[in-house]
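The values are calculated or read from the model by the stated rules, or taken from the named source; none is laboratory data. Everything quoted here is computed from the prediction, not taken from an experiment. Please note: Cβ atoms are built from the backbone with ideal geometry, for glycine as well, and neighbour counts cover all protein chains shown. Protein only, heavy atoms only, side chains kept; ligands, DNA and RNA dropped before computing areas. Shrake-Rupley method; radii C 1.70, N 1.55, O 1.52, S 1.80 Å.
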Amino acid sequence: MTDEHLEQLEEENDLPEAHPFSGYLRTFFRGPGRSRSLTRDEAFDAFSMILRDEVEPIQLGAFLLMLRYRAETPEELAGMIDAVRKAARLDGEEETDTEGQPMLDWPSYAAGRSRGLPWFVLSAHLLSQNGVPVLMHGYNSHLANGVGTEAAVKAMKLPVAMSAEEARSDIASNGFAYLPLRHMHPKLRELIGLRSLLGLRSPVNTLLRLLNPLQARSAFLGVFHPAFLDVHRETGKLLDLPRIGVIKGGGGEAERTPFKHVDLRMLVDGELSDVRWPALLPRTEKEQEEQSPVTLAHFLAVWRGEVEDAAAIARIKGSASMGAFLAGKADYMDEAETLIEGWWDNRNKDVG
């Protein structure tokens, strides 16, 4: 064999250097018996590369779709949340100054077809009027039906923050802030927007609900798929979140349906428990709810007391009762509901 032939063979076998991200994909795709989930540290490193735009589009799609296909583990979610908190500079030590620190974190990332008006915004506003500071954050991509959370917040003339620091300031002065996803980290908005391209939600939708940007003492989470209820709790446990409550909520939001019982899946100081909250209205009233207008005008009229919408009011008060319970304003379900009845009757009905 000539030297020229040997050089030709060497060139043919000269493979390009492996991309740094490819090792994480090999971990996923090695096949039966060899593939495995990522550790928390691996998930942190992988998602940090994604947030820094250090992966190719084909790698990003493969990564997100594999996690969606087999469902992300709590360890993977915790690692990705660690990466987001560091990239968005949300991983500082816990604030010693409680001014501007929310008592309740209320994420809103749903866009389901069953989503109508975001009555939970009024629930959060009711709490904020009564000594429960609330941070609401989110992005309702691909909303198929209803009104987005940010639109409802703006209609109520509640503050929309441009940064985490501004959200803290808004909470200190108003007791409430809404922090849009685009103002936390621009890459996150891009990633959650891939739903139209991939055809599916991704682990980003899950991790954002557990982000708790301002380290609130409690968090109220809503999910659509029941299989994710315990995933959120187990991830919260890994993240040492002190107190969270997760429900299968209306359209995937933390909003209590009034027509059937709702199980509040709780994590309190590392311990798991479930609290069953009963139905508030008979199912016969659901048809009447479906005939109510899905408009901001109707949304505002209910808050002002200008129209009587039993289902909407039940959603507002029911969700607020869960929020007050999670925030520690009441030790028992009945106590929380009684408290909210009084707050609702005496609310400030002005907008803005």
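Heavy-atom accessible surface of segment 156-275, averaged per residue, reaches 37 Å², computed with a 1.4 Å probe. Only alpha carbons enter this Debye calculation for segment 207-351, each as an equal point scatterer, and the log10 of I(q)/I(0) it gives at q = 0.10, 0.13, 0.21, 0.22 Å⁻¹ is -0.37, -0.61, -1.34, -1.40.
Each Lys or Arg adds one and each Asp or Glu takes one away; over the other residues whose Cβ falls under 12 Å from the Cβ of residue 49, this sums to -3. Fraction of C-alpha pairs exceeding 15 angstrom in segment 200-242: 39 percent, rounded to a whole number. Projecting the alpha carbon convex hull of segment 270-352 along each direction and taking the average yields 7.1 nm².
Of all DSSP bridge pairs formed entirely within the chain, close to 40 percent run antiparallel. Based on every Cα atom in segment 135-201, Rg and the maximum pairwise Cα distance Dmax equal 13.1, 41 Å. Evaluated over the Cα positions of the chain, the convex hull gives a direction-averaged projected area, one quarter of its surface, of 21.1 nm². For residue 317, the lysines whose Cα comes closer than 30 Å to its Cα, not counting residues fewer than 8 places off in the same chain, are 154, 157, 237, 248, 260, 286, 329, 349. Where only DSSP H runs of four or more residues are counted, the chain gives -13000 deg cm²/dmol as its mean residue ellipticity at 222 nm, each run worth -39500 (n - 2.57).
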